[in-house]
Amino acid sequence: MSFEYADFNSDFTRYLDFVSPKGGDPTYSVLKAHLAIEQVFRDYLERRVPHPAALKEARLGFMQRMHLVRAISDADPKHWSWTAIAKLNSIRNQLAHHLAPKELNRLTDEYIAFCVTSSNNPLPPKAGVTSSLDAPRSGRVYTGLDMVTGAIFAGLCSMLGMLPSEGDYPAPGGNP
């Protein structure tokens, strides 16, 4: 079977359309939030266990790290944020293993609702507004997903007694 340049051009355009960020697509936010939370787990374990190098050989996954941190930290192991983090991981897994997850909207809506209800903190009235007229001067628009996940990240750092240092997380658009 031959592959003509015209076919490649058409397929590549579809590919670029698929991988380019779009308003309303939570992929980038979920993946970056998941990575940031996983880094908190890594940092916490590295600081807390006597021989952190031994953990590198264990090849722990996200959920294994979460449960280990939950078990050895002074944070309440029944706190709702652990469930929220597990829900975020489920969303991430859908995005990582399916090109077009069928349950993505439902999972995302359930995650946001769970976080809002459990924390007893409503979202600001304009959360999720994507109109450029309502965008902050920085040009960034934050969705309800971004807000609850940011709160989970901040709450996790607080529960574990960790404040990320300036160099831990690169500035938006900056190099890691």
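Read-outs throughout are calculated quantities, based only on the coordinates presented, and are distinct from any laboratory measurement. Nothing here was measured: the structure is a model prediction, and the numbers come from that model. Here the Cβ positions follow ideal geometry from the backbone for every residue, glycine too, while neighbour counts run over all protein chains shown.
Fewest Cβ neighbours within 10 Å first, please rank Thr108, Thr83 accordingly.
Values: Thr108 21, Thr83 14.
Ranked by crowding around the Cβ, least crowded first: Thr83, Thr108.
Spacing of the modelled spin labels on Gln39 and His67, each 7 Å from Cα toward Cβ, amounts to 2.6 nm.
Which order results if His51, His79 are arranged by neighbouring Cβ count within 10 Å, fewest first? Intermediate values should be presented prior to the final figure.
Working: His51 6, His79 14.
The fewest-first ordering by Cβ neighbours comes to His51, His79.
As a proxy for reagent exposure, ranking Tyr28, Tyr142 by other Cβ atoms within 10 Å from fewest up yields Tyr28, Tyr142.
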